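K.L.:
Supplied in structure tokens, the structure appears directly below.
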């Protein structure tokens, strides 16, 4: 096959050229710089940076909290999507619109706001500290912040999948003898499972790299409450470009892997549930 | 009885979508619920399945009252129009679903699944996914799935609607075969009358939430009792003809009489008769007709239809019988005629030819309301009445016409000499002071029903029925039944006993009368109605009941017109609700149907 | 039945016989309560806090924040950045979507993946790559120093970093939209003699206008609110290279909560405005993928 198929419409040259130029300049070349910088290190040096105790501590926090946050979103995001799709109640439309707020809100704003709310003297923090739970400046705070920013991903991915579940199927299952719980387990959940997994992955991906929302609430103590992106920033400020690049490559590899997973999940989901078929 | 429905009503936002439906379906019977969209048939089916609740009435399956039982405990199998197969499960898992819920062992499930697949002719398809099957195959899987748990009743909701004609045929025979083999009581809902004819042991025809008629397909086709069923089950020409003790006279002087079933007793009246297109005979001259002569006409349209030829023949003007069609605009209408190839060869016809028309078989519908006659003392007033929205809507629904008649005598309500022509059809007048006198006048001059319409009134949601004495009972019920087929409203019979009767054994006596009324309404007229018992003066009680809420209509039966002036003058003269007065003199009580 | 009127479905469900009516009611209220509680703690409370804290010491102090020169320059810088970034990214979005939606060529999916990349990459990385390129020890570091051009720790760096983070938004709205709408109208216009630019402005743009607006307001919201990437490249020089989000950080770290939240309130109002426009656009019938 030739490079491109002929077409009536003009403008390929111009738009393709501009697009590739833009992407090269803004994306490819900078990323290449990153990879090359890391590649210029000796293997041993690379491993030393990437697996240093401080780095490992930051991975534990970043990835651990991200998984936990995505997991929490799995449950609550599903619940929220369910209520928005299936129930009618006053204010539903308003709340539906507000789900996208974490998308539109700058991360610094949510960062300081969450910290204030969950601090010892904060609106919610004060009650939690009575129960002995300290949110601000601990890994719990990090998880809370990551949950917030991942929430829209989960809800917006699960909502359309839930809306698509035909009521007929539930009715059919009921006439066949299934109770509400059985219907949920065997009919509804399997149908929305691909969407839930996709949402989980998206939320996870976003959480792992998150910076602004987290650094205010995290406390940033090395090995305890320091996230990987912060570690990278510290290295940069120390002008340890190579160290930063090494850690950056690690995060990049994770990003690519997650992107791949998302694509695969979406293809799997689509294949499983092809609509009315022949 | 396998399925029993007793006065089942389901309201949606106040409007009855299923209106007092009662029926009995026997073991192993294949029953088809037939009706146009919006007739409530699907809602009724879902109510039997338990997917929707009912506001009134009882549902029993195999003797067990399941009205408040959840769907999953009713032992029904339901097949949907869109198959509703579980997309993420294979055919085998779909079919075994009901068995898995009941925790059957895997080997038993497998055996049953194989058996069902054989039954619907889909052997070997166990591991396919629904997306890999054609529409017809998916529906077969749906049927097998619905039968897996050996339900007592199989319900099908327009199951072939989404399929091509050829596949539909195939599936029809599959269903029939399956049903015969299993002997399972089956209810199928459809709007396709061909399908109903092909499958049903009995058909129930529904419209506007009511079950109009039930019976074997051939009975319903040959002897419908309502306009709707006559025109829904096949093409029909509806004729307004006169019926007297000899039979039906077809209008013109030269016309003969056609025996048409029920032999009436009493004076001549206008009735609606059904003439099926295939029962029309066409010949060059009247003498060559073997059937009774109807009229002369001109061939207007000839359409080739394969085995049959479809024609429109426009009747000449003059004293020909009135043909009523849904889109009647007052001009001389046409009748539909179908002829076989044999008839075409005997007498080929082209558009423009004039022919003599004969009727081989006429079926008179026992409906008492044949047409409406709007009356007023002046041209303007009479035509104003004829354009009343409620009246025009009723006429449209009943597929009948509204004629107008100017009767100056109405203004003065004087008695006229005897050579005024009789009032034909149901008279309609406007509500005003003096309406009672006018009504009495009309009743004495030939009208059997008078509809009094206030200037503005809402479409009725409840119809109150009352007869002043027993002689008017039958006629009132017949008229009420007819009216209620075309109006989405509840029917309530209001029984009223004198005040002091309450003190004596009035109550049980009154209740007895109510029960009798209700069972007669149901058995003889096919009318489902509620009953209430009040004590007091009849006119006052009725007025009070009417004033309780808007959107009501009162049907009042009398056997003596004088009674209207004596007792109901106030009620009639000041009415703000539509009022239908039904009158039958006592000697007419022996006549059937009414 | 999937398309039946919602009211009728709800009516049927609530009247369905069987004892689960009570359970269904309980479950319903429980789930609604859980959802609201979750959202209240994580979303509503922080939003409310922004305004509550900003106005804690009165409106006067709130307004005083904006009289401060550093705050003013932060606002100016943010606006300037957005004014440069958004049009450029829109241009890119239009070009990329035209290229991808209307033509078939090898490597299309690679291109699409590249476009999606910034969304999967941490903002810190997004900023870091430019430091590696243009920083003192970066590839072009010496070259830039010799020619006295500053990119990092100056406006150009901020602009480029912001561009990296926000360029996908317009493209991601337009690509599926254009693919969905197809080429028929453009081809018809061409066969009728319209030139390329005319076709673009008269046929394509009107077709995609709602998706375009949607993408642009999202792009703008992110451009003004970007923190991580800008933080890495900006150098945090007060009055010079601080955008609003960075300024918030500075004020917060100085315990000037009123100030920090006052600036935050502006950005929050922008977010609210973005959501409102988004809702209005969706009302016009525009559905995202």
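The values are calculated or read from the model by the stated rules, or taken from the named source; none is laboratory data. Here the structure is a predicted model, which means the values were calculated and not measured. All Cβ positions, even for glycine, are placed from backbone atoms using ideal geometry, and neighbour counts span all protein chains on display.
K.L.:
Looking at A:259, A:197, which one is in contact (Cβ under 8 Å) with a residue 24 or more places away in the chain, within 11 Å of chain C (Cβ to nearest Cβ) and within 22 Å of the chain's Cα centre (by Cα)? Before the answer, list the steps.
P.N.:
Working: A:197 fails: within 11 Å of chain C (Cβ to nearest Cβ).
Matching residue, one of A:259, A:197: A:259.
K.L.:
Let me ask something else about it. Yes or no: segment C:12-22 includes at least one residue that is away from chain B (no Cβ under 14 Å) and either part of a helix (DSSP H, G or I) or over 17 Å from residue C:247 (Cα atoms) (or both).
P.N.:
Within segment C:12-22, none of the residues are away from chain B (no Cβ under 14 Å) and either part of a helix (DSSP H, G or I) or over 17 Å from residue C:247 (Cα atoms) (or both).
K.L.:
Further question on the same structure: For residue C:249, work out the one condition from (1) touching a helix residue (DSSP H, G or I) at 6+ places or on another chain (Cβ under 7 Å); (2) more than 9 Å from every other protein chain (Cβ to nearest Cβ); (3) under 28 Å from residue C:64 (Cα atoms) it doesn't fulfil.
P.N.:
Unmet for residue C:249, out of (1) touching a helix residue (DSSP H, G or I) at 6+ places or on another chain (Cβ under 7 Å); (2) more than 9 Å from every other protein chain (Cβ to nearest Cβ); (3) under 28 Å from residue C:64 (Cα atoms): (2).
K.L.:
Please verify whether segment C:35-46 includes one or more residues that are assigned to a helix (DSSP H, G or I), within 14 Å of chain B (Cβ to nearest Cβ) and either out of contact with any strand residue (DSSP E or B) (no Cβ under 8 Å at 6 or more places or on another chain) or on the phi > 0 side of the Ramachandran plot (or both). Steps first, answer last, please.
P.N.:
Step one: list which residues in segment C:35-46 are assigned to a helix (DSSP H, G or I), which gives C:35-46.
Now restrict to residues that are within 14 Å of chain B (Cβ to nearest Cβ): none.
Scanning segment C:35-46, I find no residue that is assigned to a helix (DSSP H, G or I), within 14 Å of chain B (Cβ to nearest Cβ) and either out of contact with any strand residue (DSSP E or B) (no Cβ under 8 Å at 6 or more places or on another chain) or on the phi > 0 side of the Ramachandran plot (or both), so the answer is no.
K.L.:
Hey, another quick one. Which of the residues belonging to segment B:148-170 are in a helix (DSSP H, G or I) and either at pLDDT 95 or above or touching a helix residue (DSSP H, G or I) at 6+ places or on another chain (Cβ under 6 Å) (or both)? If you could, list the steps in order and put the result at the bottom.
P.N.:
Here is the first cut: in segment B:148-170, the ones in a helix (DSSP H, G or I) are B:165-170.
Within segment B:148-170, B:167 is the sole residue that qualifies.
K.L.:
Report yes if some residue within segment B:39-54 is surrounded by 22 or more Cβ atoms within 10 Å (Cβ to Cβ) and more than 14 Å from every other protein chain (Cβ to nearest Cβ); otherwise report no.
P.N.:
yes
K.L.:
Let me ask something else. Somewhere in segment C:93-104, is a residue within 8 Å of chain A (Cβ to nearest Cβ) and either within 30 Å of residue C:260 (Cβ to Cβ) or in contact with a strand residue (DSSP E or B) (Cβ under 8 Å, 6 or more places away or on another chain) (or both)?
P.N.:
yes
Results for (1) over 18 Å from residue A:51 (Cβ atoms); (2) crowded, with 24+ Cβ neighbours inside 10 Å; (3) in contact with a helix residue (DSSP H, G or I) (Cβ under 9 Å, 6 or more places away or on another chain), shown as yes or no for each residue.
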residue: A:212; (1), (2), (3): yes, yes, yes
residue: A:243; (1), (2), (3): no, yes, yes
residue: A:246; (1), (2), (3): no, yes, yes
residue: A:249; (1), (2), (3): no, no, yes
residue: A:258; (1), (2), (3): yes, no, yes
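K.L.:
Within segment C:83-195, considering only helices (runs of 4 or more DSSP H) that don't extend past its boundaries, which have at least 1 residues that are closer than 30 Å to residue A:5 by Cα and in contact with a helix residue (DSSP H, G or I) (Cβ under 9 Å, 6 or more places away or on another chain)?
P.N.:
On the way: elements: C:108-120, C:123-134, C:141-146, C:155-166, C:168-181, C:184-191.
Hits in segment C:83-195: C:108-120, C:168-181, C:184-191.
K.L.:
Here is a check on your reading of the model: is residue A:217 free of Cβ contacts under 8 Å to residues at least 24 places away in the same chain and either over 25 Å from residue A:39 (Cβ atoms) or part of a helix (DSSP H, G or I) (or both)? Outline the logic, then answer.
P.N.:
Numbers: free of Cβ contacts under 8 Å to residues at least 24 places away in the same chain: no; either over 25 Å from residue A:39 (Cβ atoms) or part of a helix (DSSP H, G or I) (or both): yes.
So residue A:217 fails the test.
K.L.:
Another question about this same structure. Of the residues in segment C:176-201, how many are more than 11 Å from every other protein chain (Cβ to nearest Cβ) and crowded, with 18+ Cβ neighbours inside 10 Å?
P.N.:
Of the residues in segment C:176-201, 2 are more than 11 Å from every other protein chain (Cβ to nearest Cβ) and crowded, with 18+ Cβ neighbours inside 10 Å.
K.L.:
Just to be sure, is residue C:199 farther than 23 Å from residue C:86 by Cα, modelled with pLDDT under 90, assigned to a helix (DSSP H, G or I) and over 18 Å from the mean Cα position of the chain (by Cα)?
P.N.:
Values: farther than 23 Å from residue C:86 by Cα: yes; modelled with pLDDT under 90: yes; assigned to a helix (DSSP H, G or I): yes; over 18 Å from the mean Cα position of the chain (by Cα): yes.
The answer is yes for residue C:199.
K.L.:
Could you tell me whether any residue of segment C:7-23 is over 30 Å from residue B:70 (Cβ atoms) and out of contact with any helix residue (DSSP H, G or I) (no Cβ under 9 Å at 6 or more places or on another chain)?
P.N.:
Among the residues of segment C:7-23, not one is over 30 Å from residue B:70 (Cβ atoms) and out of contact with any helix residue (DSSP H, G or I) (no Cβ under 9 Å at 6 or more places or on another chain), which makes the answer no.
K.L.:
In segment A:59-93, how many are within 12 Å of chain C (Cβ to nearest Cβ) and in contact (Cβ under 8 Å) with a residue 12 or more places away in the chain? Spell out the reasoning first.
P.N.:
Step one: filter segment A:59-93 for residues within 12 Å of chain C (Cβ to nearest Cβ), giving A:62, A:66, A:69, A:72-73, A:75-93.
Among the residues that remain, those that are also in contact (Cβ under 8 Å) with a residue 12 or more places away in the chain are: A:62, A:66, A:69, A:72-73, A:76-78, A:80-82, A:84-86.
Of the residues in segment A:59-93, 14 are within 12 Å of chain C (Cβ to nearest Cβ) and in contact (Cβ under 8 Å) with a residue 12 or more places away in the chain.
K.L.:
When residues of segment C:131-161 are filtered for being more than 23 Å from the chain's Cα centre (by Cα) and more than 13 Å from chain A (Cβ to nearest Cβ), how many remain?
P.N.:
Residues in segment C:131-161 being more than 23 Å from the chain's Cα centre (by Cα) and more than 13 Å from chain A (Cβ to nearest Cβ): 9 in total.
K.L.:
Let me ask you something else. When segment B:51-97 is examined, which residues are found to be part of a helix (DSSP H, G or I), touching a helix residue (DSSP H, G or I) at 6+ places or on another chain (Cβ under 7 Å) and under 13 Å from residue B:141 (Cα atoms)? Explain how you work it out, then say what you get.
P.N.:
Start the filter on segment B:51-97 by keeping residues that are part of a helix (DSSP H, G or I), which leaves B:71-73, B:91-97.
Within this subset, residues satisfying the condition of being touching a helix residue (DSSP H, G or I) at 6+ places or on another chain (Cβ under 7 Å) are B:71-72, B:91-92, B:94-97.
Passing the criteria: B:91, B:92, B:94, B:95, B:96, B:97.
K.L.:
Kindly provide the set of residues from segment C:66-87 that are over 20 Å from the mean Cα position of the chain (by Cα) and either crowded, with 22+ Cβ neighbours inside 10 Å or not assigned by TED's automatic domain parsing to the domain that holds residue C:231 (or both), ordered by number. Step through it out loud before you land on a result.
P.N.:
Filtering segment C:66-87 for residues over 20 Å from the mean Cα position of the chain (by Cα) gives C:66-73.
Once the filter is applied, which keeps residues that are over 20 Å from the mean Cα position of the chain (by Cα) and either crowded, with 22+ Cβ neighbours inside 10 Å or not assigned by TED's automatic domain parsing to the domain that holds residue C:231 (or both), segment C:66-87 yields only C:71.
K.L.:
Out of everything in segment B:532-553 that is in contact with a helix residue (DSSP H, G or I) (Cβ under 6 Å, 6 or more places away or on another chain) and not in a helix (DSSP H, G or I), what residue ends up being surrounded by the most Cβ atoms within 10 Å (Cβ to Cβ)?
P.N.:
Here is the first cut: in segment B:532-553, the ones in contact with a helix residue (DSSP H, G or I) (Cβ under 6 Å, 6 or more places away or on another chain) are B:533-536, B:539, B:543, B:552.
Among the residues that remain, those that are also not in a helix (DSSP H, G or I) are: B:533-536, B:552.
Details: B:533: 17, B:534: 19, B:535: 17, B:536: 15, B:552: 21.
Here the residue is B:552.
K.L.:
Return yes when residue A:143 is in a helix (DSSP H, G or I), more than 30 Å from residue B:82 (Cα to Cα) and more than 9 Å from every other protein chain (Cβ to nearest Cβ) and no when it is not. Working first, answer last.
P.N.:
Numbers: in a helix (DSSP H, G or I): yes; more than 30 Å from residue B:82 (Cα to Cα): yes; more than 9 Å from every other protein chain (Cβ to nearest Cβ): yes.
So residue A:143 passes the test.
K.L.:
Only one residue in C:220, C:256, C:242 is more than 9 Å from chain A (Cβ to nearest Cβ) and without any contact (Cβ under 8 Å) to a residue 24 or more places away in the chain, so which one is that?
P.N.:
When all the criteria are applied, what remains is C:256.
K.L.:
Kindly check whether there is at least one residue in segment A:155-170 that is within 14 Å of chain B (Cβ to nearest Cβ), surrounded by fewer than 18 Cβ atoms within 10 Å (Cβ to Cβ) and in a helix (DSSP H, G or I).
P.N.:
Yes, segment A:155-170 has at least one match.
K.L.:
Okay, next question. Given A:116, A:107, which one is buried (at least 22 other Cβ atoms within 10 Å of the Cβ), over 20 Å from the mean Cα position of the chain (by Cα) and within 13 Å of residue C:248 (Cβ to Cβ)?
P.N.:
Values: A:107 fails: over 20 Å from the mean Cα position of the chain (by Cα).
Matching residue, one of A:116, A:107: A:116.
K.L.:
Shifting gears a bit: So which strands (runs of 3 or more DSSP E) stay within segment B:445-526 end to end and still have 3 or more residues that are in contact (Cβ under 8 Å) with a residue 60 or more places away in the chain? Steps first, answer last, please.
P.N.:
On the way: elements: B:449-453, B:462-467, B:490-497.
The strands (runs of 3 or more DSSP E) meeting that bar are B:449-453, B:462-467.
K.L.:
Look at segment B:120-156 and say how many of its residues are over 37 Å from the mean Cα position of the chain (by Cα) and at negative phi. Let's see the steps before the verdict.
P.N.:
We begin by selecting, within segment B:120-156, every residue over 37 Å from the mean Cα position of the chain (by Cα); these are B:121-134.
Then keep just the ones that are at negative phi; that gives B:122-123, B:125-134.
Adding up the residues that qualify gives 12.
K.L.:
Here's something else I'd like to know. In segment C:202-216, what count of residues is obtained for those that are within 12 Å of chain A (Cβ to nearest Cβ) and under 30 Å from residue C:130 (Cα atoms)?
P.N.:
Keep residues of segment C:202-216 that are within 12 Å of chain A (Cβ to nearest Cβ), which gives C:203-204, C:214.
Remaining after also requiring under 30 Å from residue C:130 (Cα atoms): C:214.
The total comes to 1.
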